[in-house]
């Protein structure tokens, strides 16, 4: 009936993103000039215009600045194996994977302003804010792992950690899915 109007496509994988950890770089490094600076200061990499697409710069609490860039797969392999020169500094480069987590329900793939779920503490999965949590660390529970276990009776995962734990099985599954959808 609607077969003539439908078209099947294979999902296009995203380009890799890299984080360039920049220490003590002046504010003269911007999104507009970052590609030119990296390309000209690293001639041994033979980078061309368009190989690096600066996305954004953010500062950490320790006052270091980080540059997140999107690169082509061949450029990713080339850059990760070396360090970059950026305005008189040798910078470390790592794979950048960002998993979106809601601050209201602690669920993945949406933000709190778009959330329709009940509030869940990221530490104990209770119906309160993290600031109000009095649960000891020995009783932490991951709301995402609990949801997974309630839907998968035959394949259970550990849920005795907080959502904020970097070793959380749910978080690790999201990171792995992100890597599978990236064109390395």
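In terms of the mean number of neighbouring beta-carbon atoms within 10 Å, the peptides 12-21, 113-122 order highest first as 12-21, 113-122.
Only Cα sites of segment 114-164 enter the Debye sum here, all with the same form factor; the resulting log10 I(q)/I(0) across q = 0.14, 0.16, 0.20, 0.23 1/Å is -0.36, -0.46, -0.68, -0.84, listed in q order. To the nearest ten degrees, helix 169-180 and the longest principal axis of the Cα atoms of the chain are 40 degrees apart.
What is the calculated FRET efficiency for residue 23 to residue 77, with r their C-beta to C-beta distance and R₀ = 22 Å, to the nearest 0.05? After rounding to 0.05, the efficiency reads 0.35.
Per-peptide packing, taken as the mean over residues of other Cβ atoms within 10 Å, places 65-73, 127-135 in the sequence 65-73, 127-135 from highest down. Projected over every direction and averaged, the convex hull enclosing the alpha-carbon atoms of segment 97-184 yields 6.6 nm². Along Cα→Cβ, 7 Å out, is where each label goes; now give me the distance between the ones at residue 8 and residue 183 in nm to one decimal. So the two model labels end up 2.1 nm from each other. Between residue 90 and residue 172, the simple label model (points 7 Å from Cα in the Cβ direction) yields a spacing of 3.3 nm. Model label sites at residue 116 and residue 150, defined 7 Å from Cα along the beta-carbon direction, differ in position by 1.7 nm. With the convex hull drawn around the C-alpha atoms of segment 1-40, the volume per residue stands at 147 Å³. Over segment 17-95, the hull volume per residue, using the convex hull of the C-alpha atoms, is 82 Å³.
Any read-out appearing in this document is the output of simple, stated calculations on the displayed coordinates, not a laboratory observation. Values in this document were obtained by computation on a predicted structure and should not be read as measured data. Ideal geometry is used to build each Cβ from the backbone, glycine not excepted, and the neighbour counts take in all protein chains shown.
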